[in-house]
């Protein structure tokens, strides 16, 4: 009705375009007064109709259809995300302990090995010949010492001869032990049960002392390492729960923090956090990247609202509630102090009471004091 009147007013003004300016102003004032009177009559008629027929659908001008939600205390947590990588406590690169040409490589990359298993042999023929020579000399020195000892027990011979024989034998024993140790250094063996990850040694090349030879790692002692911003220092403790997400397998699992570092890295202002790798079917590999969601805040009885309901004005943040003090429900601003937000929900620290009724659907269409009509969400 009002729209038709506005259209009629437009054509009336257009018809008066040829009149004088003063006549136009006078005519406009008359039409405005008439429009105001008609608007009051329309509003009165609508109110009378609604009182007689509350279901009258033609009366929609004053009301905004909304849905509501009641605020009730519930648990709320906040988590933040960091990247982490899988690491093994037994991941070593074995280097050559002595100079020597590589004569044999006994394993291949990917082989499972046991502790003490021979991996690489360096040419040590000189040491082997020295050992044979020393063993021969030691046999003779031992025989001489035993004979000198028996004679000395019978008070035959001089003490100096007995001591010289004993010294000669012990010296050769030590030289033999030293040479055998040098020989063992030319034999690279697995320090623990694991898998051969990388072989840098090449058959026939000369290995120098300290040169990297072979990498062995254990897949039985894995953990996750993450660098966390120093602003979270003091919030995390051993045993705190975390969620792990591995995008490579699209799998999410739960775990816990096993260690928290106490040293700040001056390069990136972070501290280290170690996380237990849960026992799953995921084939964990060193340097596998995962997303860690760490809980740094928890409140058992928190007042939480959907984050999308929070708006702001010159007074701060607010949500729209429903005022039922009059016969017709109205939208009312409730100014709040929001806290942390997580998963599209925000904790309200102040300004909101348990049991408050908030406008959910339709919160963007209402204004302060606007009349509202509560409807099922499916109708909005």
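A few remarks follow.
- For residue 326, the conditions (1) at negative phi; (2) out of contact with any helix residue (DSSP H, G or I) (no Cβ under 8 Å at 6 or more places or on another chain); (3) in contact (Cβ under 8 Å) with a residue 12 or more places away in the chain; (4) outside any strand (DSSP E or B) are fulfilled apart from (3).
- Scanning the range 63-76 for residues that are crowded, with 18+ Cβ neighbours inside 10 Å and either free of Cβ contacts under 8 Å to residues at least 12 places away in the same chain or within 33 Å of the chain's Cα centre (by Cα) (or both) returns 71, 76.
- Flag for residue 29 being outside the structural domain of residue 321 (by TED's automatic domain parsing) and modelled with pLDDT of 60 or more: yes
- Residue in the range 211-226 that is touching a helix residue (DSSP H, G or I) at 6+ places or on another chain (Cβ under 8 Å) and either modelled with pLDDT under 90 or within 21 Å of residue 96 (Cβ to Cβ) (or both) present: no
- Among the residues listed as 166, 180, the single one being over 59 Å from the mean Cα position of the chain (by Cα) and either modelled with pLDDT of 85 or more or closer than 30 Å to residue 263 by Cα (or both): 166
- Neighbours by Cβ (under 6 Å, 6+ apart or cross-chain): first from the range 343-372, over 19 Å from residue 324 (Cβ atoms) and assigned by TED's automatic domain parsing to the domain that holds residue 310; second assigned to a loop (DSSP other than H, G, I, E, B) and at pLDDT below 90: none
- Taking the range 34-80 as the range and being out of contact with any helix residue (DSSP H, G or I) (no Cβ under 9 Å at 6 or more places or on another chain), part of a helix (DSSP H, G or I) and at pLDDT below 65 as the test, the residues that pass are 36, 40, 43, 47, 50, 51.
- Failed criterion for residue 300 (all others in (1) surrounded by fewer than 11 Cβ atoms within 10 Å (Cβ to Cβ); (2) assigned to a strand (DSSP E or B); (3) free of Cβ contacts under 8 Å to residues at least 40 places away in the same chain hold): (3)
- For residue 254, the conditions (1) under 17 Å from the mean Cα position of the chain (by Cα); (2) buried (at least 16 other Cβ atoms within 10 Å of the Cβ) all hold with the exception of (2).
- Answer residue from the range 264-287, given it is in a loop (DSSP other than H, G, I, E, B), modelled with pLDDT of 90 or more and in contact with a strand residue (DSSP E or B) (Cβ under 8 Å, 6 or more places away or on another chain) and is surrounded by the fewest Cβ atoms within 10 Å (Cβ to Cβ) among those: 268
The values are calculated or read from the model by the stated rules, or taken from the named source; none is laboratory data. These numbers come from a predicted model, not from an experiment. For neighbour counting, all protein chains shown are included, and Cβ atoms are generated from backbone atoms with ideal geometry for every residue, glycine included.
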